[in-house]
Every structure is written in C-alpha cells, then in structure tokens.
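Visitor: Handing you this structure, nothing more for now.
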Amino acid sequence: MNDSIRIFDTTLRDGEQSPGCSMNLNEKLALARQLERLGVDVIEAGFPIASEGDFEAVRAIADQVRGSRICGLARTGRGDIDRAAQALAKAASPRIHTFIATSDIHLEHKLRMSREQVLAEVERAVTQARGHCDDVEFSAEDATRSDIEFLVQVFQVALGAGASTLNVPDTVGYAQPDEYARLIRTLRERLSPADDVVFSVHCHNDLGLGVANSLAAVLAGARQIECTVNGIGERAGNTSMEEAVMALKTRPDVFGGLDTNIVTTEIYPASRLLASTIGVSVQPNKAIVGDNAFAHEAGIHQDGVLKAAITYEIMTPQSIGRASNELVLGKHSGRHAFRDRLDELALALDGEAFEQAFRRFKDLADKKKTIYNEDIEAIVADSVTQSDDRYELGDLSILSGTFAKPTATVELLVDGEARRATALGIGPVDAVFKAIAELTETKIELLRFQVNAITGGMDALGEVSVTVEEGGRKVIGHGAHSDIIVASGKAYVHALNKLAWHKQRHEVAEPKGI
C-alpha cells in the first residue's frame, strides 16, 4: 500500500453547507489559494449543479489553482455530471466526485429506488464521468448503515465502470472506530481492486468520533481522508483536518510512518483565514488551533513547560505556523514591512486589495499602540470580502445614553450611490441596523449577535458576528473595527452582501452532499 495519506479538503463544499457559513467568489478563491499553500492534495471546490454561484466558484478555482487537484461534486444524474465537467474544464488536474445513497433507509425514504436501479445508476454515472476525465471518485452515501453484501456489489460496479477512488462515508456519524475499521478491511479484502485504487473515508462528527473513525480507517488501509479546516460541516461538522494531520505527524509509531503532504506551518493561518472569512470563531479549547491549545495556567504545568516544553506540549506552536502574537509594526512602518508580515501570515493580497489593506493598517496604527497578527487578519478579511459588494458602509454617527433616545445616522453606498438615513432604536446597534434596513429596503431577521475582542487591551479591535435570515436562507456576516458600533454596522452590511450575492445567482436547487 502507498505510505502517503491523501488529504481531500471539502471545506469549500461540505464545510460551506454549515448553516450561515456560505462564502462569495472572492472569499472562496482566497481560501482555495491557502489550501493550495497548505499542500492539500484534493480541493473539493463545490457542488456545481447546486447554484450558479457554486458553478462560478468551482470554475474560477479550477482555472486559478494549479497546485492541487480540483474536484466537483455531482449526484449520479446526467445533468449533475455534465455540469461538474463544465466547471472543471480548465482544471490542470480535474476530479469528478459522484455519489448515490446505498442504505435501505435512503433507498426507501429518499430515493425510492430498488437496489437494481441503484446498481444501474452507478454504472451509468461513473462511465459518464470517466468520459469527461480520468479521475473519478465514487461515494456510497450512508455506507456505514448499508447492507455489506449490497455495498460490495455497488463498489464492484463502480470499479468496473472506471472509478479510481472509492469513498466509504459515515454520513450521519453513526459508526464506532472498531466497526468502521472492520468495514474498511472487509471491503478491501472482498473487492481486491487494482493497486492504484484508493479507499477514502468521509466521517461526520455527530458523536464526536469523526477524527477517531478516520484514523481507525487509515490503520485498516484507507489512504484518503476527507476533512475540513476547523472541522466545519453539516450538523456537528466533519473530520477536522488539523487534528487528523497532526495525529499522523505526532504519532508515527502508531501509524507506521504514514504521513501527508500537508505543510503543517500553514495549518494555523488556514484556520484563522477561515474563521475570519465566515465569522465563526474557533472554540478556545479546540485541539491544535484553539486559543488555549498551547496555554498553560496551572502552576505545575507552567513549571514543567518552563523547564522543558515537552513535559506538557507534544508539538510546538511553531510546527503549525503559530508564531509570536505581537506584531512590531506601527504608524511609521512602510509597505515593505507590511508585505513581509502578510507573507509570514500566508495572507496573499495584490494590487488595489493590498493598497486598501495597507491604508486600513495605517489608520489603525494611528489609533492603537500595538498591532497584532489578529488585527492584520481582520484587515485582510475586510479587504477580501468587500470586493464587488453591492453595499458599502460609509459614515456613521450615534446619539445614545441615559438622557437620549438611541439614534443612528448612517450613510451607505448602494451600487455606488450614496444614501443616508436616520433611525431610532432600543439601543445604538438596533438603531444602526434599522437605518441600514431602511436604506437597503430589506426585511431580514437577526438571529444572533456576538461581540469578541480580537486581541487583549483597552484599544483592541472589536469583532462582531451576526447571523441573519431571509427567505429561509441563513448567512453570517462579520465586521471588525476599533468602534464596536461601527463593527456592528460592517457585520450587518457584510451579511446583506452575502444575501445579495446569492440572490443575484438564482439558486436552482439545494442538493446536499455525502
């Protein structure tokens, strides 16, 4: 067996299906480039048939990202596969990933198909996909709740039709590590495919076992792990990329030296970029990338780490790209120093986006004594997300306090045209949101409002995340500013831009993946 584990990253597809975590084209491209720097073998860029926006994103990533294999997801329908092929037309190394459910639960209640019909559909779909490209992956959705005899039949048909990767999804996070490993071993023994066929695993985290199941499958012979940055994804999420990769890296004694092509120093930058893009913070005690992952408060731990870090740290912060928190830049720093720090943080900006970020950095440096990496990441996130937006927040002023009715006056650029409105609210943030809603003529529901300090100190940037809903679609918007009211306005406008982006591209379906 190959001693290299392929990392198949589905952050841009399954991860984006997390409620509210949708991204626009520029955000997806920025994240795809970071995944390329990270050394991801396969980037599942999206579900081209799902919407015009998804199609455009997959096509743009296929055209611009050359260092990773680019994959598009498709159901077994003819239209799905043709649409995926069109989106991947310019990819240097394209892959079509087609799937159909195989459990009796799905056959009866969702597909309403017989086993014979499913077998015929698998053969036709994989054959059709092979007509478009040489690299075809087939997934048996809900494999872990499927009858093993039927599952073997399905995979045998997929192999015969030309599939080169067989994916065994634990779609609902139902499996336990020992039984999942046993399933992989059984399939490998009974199918006896050619040496170049790869068994893949796609585990959801409903019982908190996504990483454990994936690693158990690796020991049983699987050679591709499907995962996401920060473990985001449907429901409780997917296998966490950083956890699976660092487990393999840290315990070669257990995994027989199996390794990945991941550049581990790019793990933390990827985590931070995703969090700032979707406005969903990583929980502090999250393994590998959480704020507390390398923090020590207990006296006995601190004593041990000061004497020898290995006493309580099984990896170094530097090994995942987590450098010193403080950034020694200020209002006198020039473009060259700013560019060097962007490169160190793996944040790629060019042209006007760089100039815009540099101007924001200088403005912030006039207000803050110390600039941190997190401040720079927030600035870059704003520069990426504001490109091609319909709405842009202009001036904003607030009258509020115990002797005044909260009043907000907001200026907004709508398709380049300046508009201004004044509104009253029960508080200053409510007043700002009402003024913006009046200017945009929208009626959206605010579901969640969250404020965080990006760094410590009284002069810290405030980061606001809002979850809003309109017409059944939920999106998350975020904004950062030294004034928390301005940050709130930016977050609300960001959410409105996401909704506008989806409306403009006329979503035609809501197909879910594996």
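Just so you know, all these numbers are worked out from the coordinates, no wet-lab data involved. Being a predicted model, the structure only gives us computed values, none of them experimental. Glycine gets a Cβ as well: all are built from the backbone with ideal geometry, and neighbour counts include every protein chain shown.
Visitor: For the chain, what is the mean residue ellipticity at 222 nm derived from helices alone (per DSSP H run of n ≥ 4: -39500 (n - 2.57); sum divided by total residues; nearest 500 deg cm²/dmol)?
Guide: Value at 222 nm, helices only, nearest 500: -12000 deg cm²/dmol.
Visitor: Of all DSSP beta bridges in the chain, what percent run antiparallel (nearest 5)?
Guide: Antiparallel bridges: around 50 percent, rounded to the nearest 5.
Visitor: Roughly what would the spin-label model give for residue 399 and residue 265, points 7 Å off Cα along C-beta, in nm?
Guide: 5.6
Visitor: With 10 angstrom as the radius, rank 23, 241, 246, 315 by how many other C-beta atoms surround their C-beta, starting from the fewest.
Guide: 315, 246, 23, 241
Visitor: When the C-alpha atoms of segment 391-504 are aligned to their principal axes, what extent does each axis show, in angstrom, from largest down?
Guide: Taking max minus min along each principal axis of the Cα atoms, segment 391-504 gives 40, 30, 25 Å.
Visitor: Okay, moving on. If packing is taken as the average number of other Cβ atoms within 10 Å across a peptide's residues, how do 178-190, 107-119 rank, most packed first?
Guide: 178-190, 107-119
Visitor: Further question: Determine, for 31, 209, the number of other Cβ atoms within 10 Å of each Cβ, and report the residues in order from fewest to most.
Guide: Taking fewest neighbouring Cβ atoms as first place, the list is 209, 31.
Visitor: Separate question: Would you please give the FRET efficiency between residue 504 and residue 153, computed as 1/(1 + (r/R0)^6) with r the Cβ-Cβ distance and R0 = 45 Å, to the nearest 0.05?
Guide: 0.55
Visitor: Would you mind putting 225-233, 357-365 in packing order, based on average other-beta-carbon counts within 10 Å, highest first?
Guide: So the peptides 225-233, 357-365, ranked by packing, come out 225-233, 357-365.
Visitor: Under 13 Å Cα to Cα from residue 405, which aspartates and glutamates show up? Leave out anything in the same chain fewer than 8 places away.
Guide: 430
Visitor: Straight distance only, please: which aspartates and glutamates reach the Cα of residue 90 with their own Cα at less than 13 Å, same-chain residues fewer than 8 apart left out?
Guide: Within the straight-line limit of under 13 Å, residue 90 reaches these aspartates and glutamates: 56, 63.
Visitor: Moving to a separate point now. Given segment 6-278, what percent of its DSSP beta bridges are antiparallel, to the nearest 5?
Guide: Of all bridge pairs located within segment 6-278, approximately 5 percent are antiparallel.
Visitor: Restricting things to alpha carbons, find the Rg to Rh ratio for segment 6-278 using the Kirkwood radius for Rh.
Guide: 0.94
Visitor: Placing one identical point scatterer on every Cα of segment 139-298 and ignoring solvent, what is log10 I(q)/I(0) from the Debye formula at q = 0.08, 0.19, 0.20 Å⁻¹?
Guide: Computed log10 I(q)/I(0) values: -0.25, -1.19, -1.28.
Visitor: Let me ask something else. Identify all lysines with a Cα-Cα distance to residue 362 below 21 Å; exclude those on the same chain that are fewer than 8 residues away in sequence.
Guide: Partners found: 331, 490.
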